[in-house]
Amino acid sequence: MKRNLVTGGSGFLGSHLSKKLIDKDEEVICIDNFFTGTKKNLESIIHHPNFELIRHDVTEPLRIEVDRIWHLACPASPVHYQFNPIKTTKTSFMGTYNMLGLAKRVGARFLLASTSEIYGDPEEHPQTELYNGSVNPIGIRSCYDEGKRIAETLCSDYNRVHGVDIRIMRIFNTYGPNMRFDDGRVVSNFIIQALKNEKITLYGMGEQTRSFCYVDDLIEGMILLMESNYQKPINIGNPNEFSIKQLGNIIREIINPNLEFTYKDLPQDDPKQRKPSISLAKEILNWEPKIELREGLLKTIEWFKINS
Ligand code: NAD
Ligand code: UDP
């Protein structure tokens, strides 16, 4: 039976991944400092005999015998990663360094949850894995963007120098059940606002674009990548691109078409456009997303309704 370590396992993506691995009859050890994760996300597996949960901060070393390390620990929402930016950089650097050291010592395969943010405010559109990005090193998003860039560097050097078997997954905006109500990212913000009959907050004019992937598609891509033998960065996301205002309109149509928009300042360095090229994922992993935005939103809204 494979033994998996999932860092950040009680967060949004980590909880879905842990459940999927348990369903595949594998062993899962989840470590988390519960900064943005919650035990509630794990309630369906927490008592399963193949599951263990350890309170641990990845900025501290850990000794444990595992076959695979899925390194997800890091706050992902701008609101949360900017709350303590120095800790975010520390988590990205020290956390990845500690987990790669563990992978090296026990010979585990290592997957990094990287991000489309490494492309910054991109001049190339859509973004392919060959694009090196346009990132501000000193702005309010830098703790996260540069943190993930250095994490990719560390993975690549542990691979070249120590032969650690790495996977680098560049995740594009993903949404679904188990997002925190106060997560602060756009999909959960808009759903919560609409369910409370509040105005929908558009930052800027809402003309900036994102490409939204439903969590089930994303986790399928993550597992396929871990199972593959591909050691370079790969984009996983849904290539259908929407402006933020279009997203707001779809959520309004589903929940309450009479809701108004309210406009707020666009945060510094907010990327103007984002859309993954997924040619590589199709070719290497035979993966592409199946769930359209509207369908994924319906499932997500249902979950928010039941859990609010
Ligand atoms: P999340 O905030 O819901 O989950 C992150 C988890 O990591 C939480 O459980 C949190 O408590 C834990 N954590 C944070 N710092 C830690 C530390 N120092 N030690 C131990 N645990 C710590 O975010 P998510 O959306 O599930 O993202 C998971 C990973 O995927 C992150 O690395 C993120 O950068 C990456 N990612 C996510 C998206 C997305 O759209 N969801 C996009 C790109 C990249
Ligand atoms: N956004 C918005 N209103 C909100 C939250 C976010 O208009 O209430 C915008 C934000 O400015 C960004 C986009 O939605 O352009 C996606 O934001 P999110 O924080 O979800 O992710 P990221 O910017 O990291 O892609």
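Read-outs throughout are calculated quantities, based only on the coordinates presented, and are distinct from any laboratory measurement. Model, not experiment: these values are computed from the prediction. So basically every Cβ, Gly included, is an ideal-geometry build from the backbone, and we count neighbours across all protein chains shown.
Compute the long axis of helix 244-255 from its Cα atoms, compare it with the longest principal axis of the Cα atoms of the chain, and write down the angle in degrees, 0 to 90, nearest 10.
80
Per-residue counts of other Cβ atoms within 10 Å, averaged by peptide: what ranking do you get for 79-88, 181-190, highest first? Don't jump to the answer; show the numbers that get you there.
Details: 79-88: 16.8, 181-190: 19.9.
Highest to lowest by the protection proxy: 181-190, 79-88.
Normalised radius of gyration for the chain, please: alpha carbon Rg relative to 2.2 N^0.38 Å, two decimal places.
Taking N as the residue count of the chain, the ratio is 0.95.
In nm, to one decimal, how far is the Lys104 label point from the Glu292 one, both placed 7 Å along Cα→Cβ?
The modelled label-to-label distance comes out at 4.9 nm.
Just to verify a number: FRET efficiency for Lys199 and Asp23, C-beta to C-beta distance, R0 = 41 Å, to 0.05?
0.55
Each label point is 7 Å from the Cα along the Cα-to-Cβ direction; what then is the distance between the points at Lys2 and Glu123, in nm?
4.0
Report the Cα centroid-to-centroid distance between the range 243-264 and the range 113-162 in angstrom, as an integer.
31
Which ³J(HN,Hα) values in Hz, rounded to whole numbers, follow from the phi angles of the range 152-159 under the Karplus curve 6.51 cos²θ - 1.76 cosθ + 1.60, where θ = phi - 60° and Gly and Pro get x?
5, 4, 4, 4, 5, 6, 5, 6
I want the local charge near Glu288. Using Cβ-Cβ distances under 9 Å, sum +1 for each Lys or Arg and -1 for each Asp or Glu among the other residues.
Residues close to Glu288 contribute a combined charge of +1.
For the chain, what does -39500 (n - 2.57) per DSSP helix run (n ≥ 4), summed and divided by total residues, give at 222 nm, in deg cm²/dmol to the nearest 500?
About -10500 deg cm²/dmol.
Restricting to bridges with both residues inside the chain, how much of the DSSP beta-bridge set is antiparallel, in percent to the nearest 5?
Expressed as a percentage, antiparallel bridges in the chain total about 10.
Among Ile250, Met226, Thr300, which residue has its Cα positioned farthest towards the positive end of the charge dipole of the range 205-308, with +1 placed on the Cβ of Lys and Arg, -1 on the Cβ of Asp and Glu, and the dipole taken about the Cα centre?
Going by the Cα projections, it comes out as Ile250.
Can you give the local net charge around Thr115? Use residues other than it whose beta-carbon is closer than 11 angstrom to its beta-carbon, Lys and Arg +1, Asp and Glu -1.
Charge balance near Thr115 sits at +2.
Taking the Cα centre as origin and putting +1 on Lys and Arg beta-carbons and -1 on Asp and Glu beta-carbons, what dipole magnitude results for the range 73-227, to the nearest 20 debye?
That gives the range 73-227 a dipole magnitude of about 580 debye.
Quote the charge dipole size of the chain about the Cα centre in Debye, to the nearest 20; the model charges only the Cβ of Lys and Arg (+1) and of Asp and Glu (-1).
Values: 38 positive and 40 negative charges, 81 e Å.
Charge dipole of the chain: 400 debye, to the nearest 20.
Using the Karplus equation 6.51 cos²θ - 1.76 cosθ + 1.60 (θ = phi - 60°), what ³J(HN,Hα) coupling, rounded to whole Hz, does each residue of the range 59-75 give in order, writing x for Gly and Pro?
Once rounded to whole Hz, the list reads 6, 9, x, 9, 10, 6, 9, 9, 9, 9, 10, 9, 9, 10, 4, 3, x.
Figure the gain on full extension for Asp182 and Lys282 (residue separation times 0.36 nm, minus the Cα-Cα span) and round it to one decimal in nm.
32.6 nm
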